[in-house]
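Below: the structure, in structure tokens.
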Amino acid sequence: MKDESLSPLDTMRHSAAHVMAAAVCRLFENVQLDIGPATDDGFYYDFDLPHRLAPEDFTRIEEEMRKIIAENHPFERLEVSRAEAEQLIREKGQRYKIERLADIPEGQPITFFRSGDFIDLCRGPHLPSTGGIQAIKLLSVAGSYYRGRETNPMLQRLYGTAFETQKDLDFYLKQIEEAKRRDHRVLGRDLDLFSMQEAVGPGLIHWHPRGARIRSIIEEFWRQEHFKNGYDLLYTPHIGRSNLWETSGHLGFYRESMYAPMKIDEVEYFIKPMNCPFHIQIYKTHKRSYRDLPLRWAELGTVYRYEKAGVLAGLFRVRGFTQDDAHIYCTPEQVEDEVLRAMHFAIRMWKTFGFSSMSAYLSTRPDKAVGEPERWEQATRSLEQALKEAGIPYEVDPGGGAFYGPKIDMRVKDAIGREWQMSTIQFDFNLPERFDMAFTGADGKDHRPYMVHRALFGSIERFFGILTEHYAGAFPFWLAPEQARVLPLTDKQAEYARSVAAALRDAGFRVGLDERPEKLGARIRDAQLMKIPYMLVAGGREAEAKTVAVRSRTEGDRGAVDLPALITMWKAEEDRRGLAPG
């Protein structure tokens, strides 16, 4: 079943999901059907059937799909009563569809769509006929618990995609292959950046020295930029009493994603899933005046959330992560300037890390919301004005805001054209009420401050995964964990090579030294596999002239350079922060 407000491409993909299900039913026996929606990149359908689907089945299924497309069956919409629907489903022997039928509220229309000999409980919409489906490709199969619950049967989720032209499909398939080459989980292992250890637990990241070095550079840059932009930094505890989470509403609305409590002095404590309540507690340590505002407080705060094992995905979905969190407390008069300031800050940060293509979603007030309508109107207006002034293309998601405030979700496009949702600017009218936050206005009376949640990277872990794939592991010079490796040609130059490495380290650069007895070509190849920006060869002539032969990761041999010139060149490259991915 699928929402009716689909784009033309999504409509075609949803229709293709039905055709895929029809093909599976033609080819295999005893097929139980669940759901088959369109997704951002294609579609899937969940099946329960005795045959274990595998990639070698894809060609047969695709061939059958093309037959059904060529047969050009109309998609016929059938609206029926609940009793008729149940009778039809039972005749087909589709037990999962009986439960899906029960999900449809009383009074809502119950519809099926028929195409040829295939019929499915579905809201639609669909193309006029199967012949309108264009370029298709099956991609993968994976296990998926029915309704996402681990206690339910495991179904087989068959993924596919469809595009309006073969050219678009070919581009997408090339993008998938390139994404495999850039997979941060593989690069994390090959470049010795991070790991996840079964002995410790899934979704918990171990940062190795090389990965930790990059992370420390990112975090130090993050701190310095926040200081420059008028923020103060906070550090808050990792656990808090249960009454804190009751006041914030997390125990009422978010308990499933929180870990079990621990008892300390007979009082329950929870490990924090979010930093916001702690920042509010700091706000409330003083009586605040309008003269104190705005307050811009940021924290690299590590939080823990329970995620089901089936959704964990490298650094993209973890159970323990560090949020680059910030909260802005301001007066109504200050809010537009603060939102625009936060927007420009996010854009500058993303461009520094090599992302230049950005867009956004503006999510507005849902039907059920807290806070006065006038505040919502002002907040939404401030967000939209910021998007316009920043020149960011955006779409409006009417009613898509959280119940506690409107928001902007920024998306960036990586080196191979994939979009990632990253920075968020989120108003919150709920927590200031729950915690009775106030400031004294110019009139001497108490007023509620505006509270804005602001994240630039979302989490350091996810950002690092995206950054690794964006650069395919070839981090720019300013971020590389090892910026250069010194390679003595023979043992005779070993002492000189050590002095070169020491001098460059004293100048502030991250330099390794490879004195192994292997041939120079093998050592150069190893440095290239580790994606080190520069290799510095020290032979007899270089030692005598006090130079090194510079080999660049991207430009090859660059000739002999003395150390003062090399240091000047590198300092300029660091300051420039080469923006384009390698």
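Considering Val339, Val335, Val311, Val303, which residue is surrounded by 13 or more Cβ atoms within 10 Å (Cβ to Cβ), in contact with a Gly (Cβ under 9 Å, 6 or more places away or on another chain) and not polar (S, T, N, Q)? Steps first, please.
Values: Val339 fails: in contact with a Gly (Cβ under 9 Å, 6 or more places away or on another chain); Val335 fails: in contact with a Gly (Cβ under 9 Å, 6 or more places away or on another chain); Val311 fails: surrounded by 13 or more Cβ atoms within 10 Å (Cβ to Cβ).
None of the others qualify; the one that does is Val303.
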Positions within segment 263-290 being touching a Phe, Trp or Tyr at 6+ places or on another chain (Cβ under 8 Å), charged (D, E, K, R) and in a strand (DSSP E or B), in sequence order: Lys263, Arg288
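So if I check each of Asp57, Asp40, which one is outside any helix (DSSP H, G or I) and either of a type in the set (D, E, K, R) or at pLDDT below 95 (or both)? Give the derivation first.
Values: Asp57 fails: outside any helix (DSSP H, G or I).
Among Asp57, Asp40, only Asp40 is outside any helix (DSSP H, G or I) and either of a type in the set (D, E, K, R) or at pLDDT below 95 (or both).
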Restricting segment 1-20 to residues that are without any contact (Cβ under 8 Å) to a residue 60 or more places away in the chain and part of a loop (DSSP other than H, G, I, E, B), the residue that is nearest to Pro153 (Cα to Cα): Ser5
Ala346 vs. criteria assigned to a helix (DSSP H, G or I) and touching a Lys or Arg at 6+ places or on another chain (Cβ under 7 Å): no
Residue selected from segment 444-476 under the condition of a type in the set (D, E, K, R) and assigned to a loop (DSSP other than H, G, I, E, B), by the criterion surrounded by the most Cβ atoms within 10 Å (Cβ to Cβ): Arg448
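To keep it simple, each residue is scored yes or no on (1) under 30 Å from Asp41 (Cβ atoms); (2) aromatic (Phe, Trp, Tyr); (3) touching an Asp or Glu at 6+ places or on another chain (Cβ under 7 Å); (4) in the same structural domain as Ile218 (by TED's automatic domain parsing).
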residue: Phe429; (1), (2), (3), (4): no, yes, no, yes
residue: Met437; (1), (2), (3), (4): no, no, no, yes
residue: Lys445; (1), (2), (3), (4): no, no, no, yes
residue: Pro449; (1), (2), (3), (4): no, no, no, yes
residue: His453; (1), (2), (3), (4): yes, no, yes, yes
residue: Arg462; (1), (2), (3), (4): yes, no, no, yes
residue: Trp478; (1), (2), (3), (4): no, yes, yes, no
residue: Asp491; (1), (2), (3), (4): no, no, no, no
residue: Arg505; (1), (2), (3), (4): no, no, no, no
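Is it the case that Leu139 is among the hydrophobic types (A, V, I, L, M, F, W, C), surrounded by fewer than 19 Cβ atoms within 10 Å (Cβ to Cβ) and touching a residue at least 40 places away in the same chain (Cβ under 8 Å)?
Values: among the hydrophobic types (A, V, I, L, M, F, W, C): yes; surrounded by fewer than 19 Cβ atoms within 10 Å (Cβ to Cβ): yes; touching a residue at least 40 places away in the same chain (Cβ under 8 Å): yes.
Yes; evaluated as a whole, the condition is true for this residue.
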Subset of segment 523-567 [more than 37 Å from the chain's Cα centre (by Cα) and part of a helix (DSSP H, G or I)]: Gly540, Arg541, Glu542, Ala543, Glu544, Ala545, Leu563, Pro564, Ala565, Leu566
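Within segment 492-522, can you find the residues that are among the charged types (D, E, K, R) and in a helix (DSSP H, G or I)?
Residues of segment 492-522 among the charged types (D, E, K, R): 492, 495, 498, 505-506, 510, 514-516, 518-519.
Matches in segment 492-522: Lys492, Glu495, Arg498, Arg505, Asp506.
Yes or no: Ala360 assigned to a loop (DSSP other than H, G, I, E, B) and out of contact with any Ser or Thr (no Cβ under 8 Å at 6 or more places or on another chain)? Give the steps one after another, and end with the answer.
Numbers: assigned to a loop (DSSP other than H, G, I, E, B): no; out of contact with any Ser or Thr (no Cβ under 8 Å at 6 or more places or on another chain): yes.
No: the conditions fail for Ala360.
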Contacts under 6 angstrom Cβ, first residue in segment 289-304 being basic (Lys, Arg), partner at pLDDT 95 or above and in a strand (DSSP E or B), 6 or more apart: Arg296/Ile328
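Answer yes if at least one residue in segment 21-41 is surrounded by 21 or more Cβ atoms within 10 Å (Cβ to Cβ), in the same structural domain as Gly148 (by TED's automatic domain parsing), closer than 11 Å to Thr161 by Cα and in contact (Cβ under 8 Å) with a residue 40 or more places away in the chain, and no otherwise. Lay out the reasoning, then the answer.
Within segment 21-41, the subset surrounded by 21 or more Cβ atoms within 10 Å (Cβ to Cβ) is 21-24, 33-36, 38.
Next, from what is left, pick out any that are in the same structural domain as Gly148 (by TED's automatic domain parsing): 21-24, 33-36, 38.
Those still in the list that are closer than 11 Å to Thr161 by Cα too: 38.
From what is left, the residues that are in contact (Cβ under 8 Å) with a residue 40 or more places away in the chain are none.
No, segment 21-41 contains no residue that is surrounded by 21 or more Cβ atoms within 10 Å (Cβ to Cβ), in the same structural domain as Gly148 (by TED's automatic domain parsing), closer than 11 Å to Thr161 by Cα and in contact (Cβ under 8 Å) with a residue 40 or more places away in the chain.
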Residue among Leu169, Leu173, Leu204 that alone is outside the structural domain of Glu461 (by TED's automatic domain parsing) and either more than 25 Å from Ser140 (Cα to Cα) or small (Gly, Ala, Ser) (or both): Leu204
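Any chance segment 428-443 includes a residue that's surrounded by 18 or more Cβ atoms within 10 Å (Cβ to Cβ), in contact with a Leu (Cβ under 8 Å, 6 or more places away or on another chain) and closer than 25 Å to His286 by Cβ? Please lay out each step first, then the result.
First pass over segment 428-443, keeping only residues surrounded by 18 or more Cβ atoms within 10 Å (Cβ to Cβ): 428-432, 435, 437, 439.
After this cut, where a residue has to be in contact with a Leu (Cβ under 8 Å, 6 or more places away or on another chain) as well, the list is 437, 439.
The next check asks that each one be closer than 25 Å to His286 by Cβ; those that pass are 437, 439.
Yes: segment 428-443 contains one or more residues that are surrounded by 18 or more Cβ atoms within 10 Å (Cβ to Cβ), in contact with a Leu (Cβ under 8 Å, 6 or more places away or on another chain) and closer than 25 Å to His286 by Cβ.
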Pair list, Cβ under 7 Å, 6 or more apart: segment 250-267 residue exposed (fewer than 12 other Cβ atoms within 10 Å of the Cβ), other residue assigned to a strand (DSSP E or B): Met262/Tyr269; Val267/Arg241
Among the residues listed as Tyr394, Tyr329, Tyr304, the single one being farther than 18 Å from Val452 by Cβ and more than 16 Å from the chain's Cα centre (by Cα): Tyr304
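Quick check, is Ser144 touching a strand residue (DSSP E or B) at 6+ places or on another chain (Cβ under 7 Å), surrounded by fewer than 16 Cβ atoms within 10 Å (Cβ to Cβ) and assigned by TED's automatic domain parsing to the domain that holds Met12? Talk me through it step by step, then tell me what you get.
Working: touching a strand residue (DSSP E or B) at 6+ places or on another chain (Cβ under 7 Å): yes; surrounded by fewer than 16 Cβ atoms within 10 Å (Cβ to Cβ): no; assigned by TED's automatic domain parsing to the domain that holds Met12: yes.
It is false that Ser144 is touching a strand residue (DSSP E or B) at 6+ places or on another chain (Cβ under 7 Å), surrounded by fewer than 16 Cβ atoms within 10 Å (Cβ to Cβ) and assigned by TED's automatic domain parsing to the domain that holds Met12.
One line per residue, one yes/no per condition, for (1) among the small types (Gly, Ala, Ser); (2) not assigned by TED's automatic domain parsing to the domain that holds His447:
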| residue | (1), (2) |
| --- | --- |
| Ile264 | no, yes |
| Phe270 | no, yes |
| Gly301 | yes, no |
| Tyr306 | no, no |
| Leu315 | no, no |
| Tyr329 | no, no |
| Glu333 | no, no |
Enumeration of residues in segment 493-506 that are under 20 Å from Asp575 (Cβ atoms) and either under 36 Å from the mean Cα position of the chain (by Cα) or surrounded by 17 or more Cβ atoms within 10 Å (Cβ to Cβ) (or both): Leu504, Arg505
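The values are calculated or read from the model by the stated rules, or taken from the named source; none is laboratory data. Owing to the predicted nature of the structure, the values given are computational and were not obtained by experimental measurement. Positions of Cβ are backbone-derived with ideal geometry, glycine not excepted, and every protein chain shown enters the neighbour counts.
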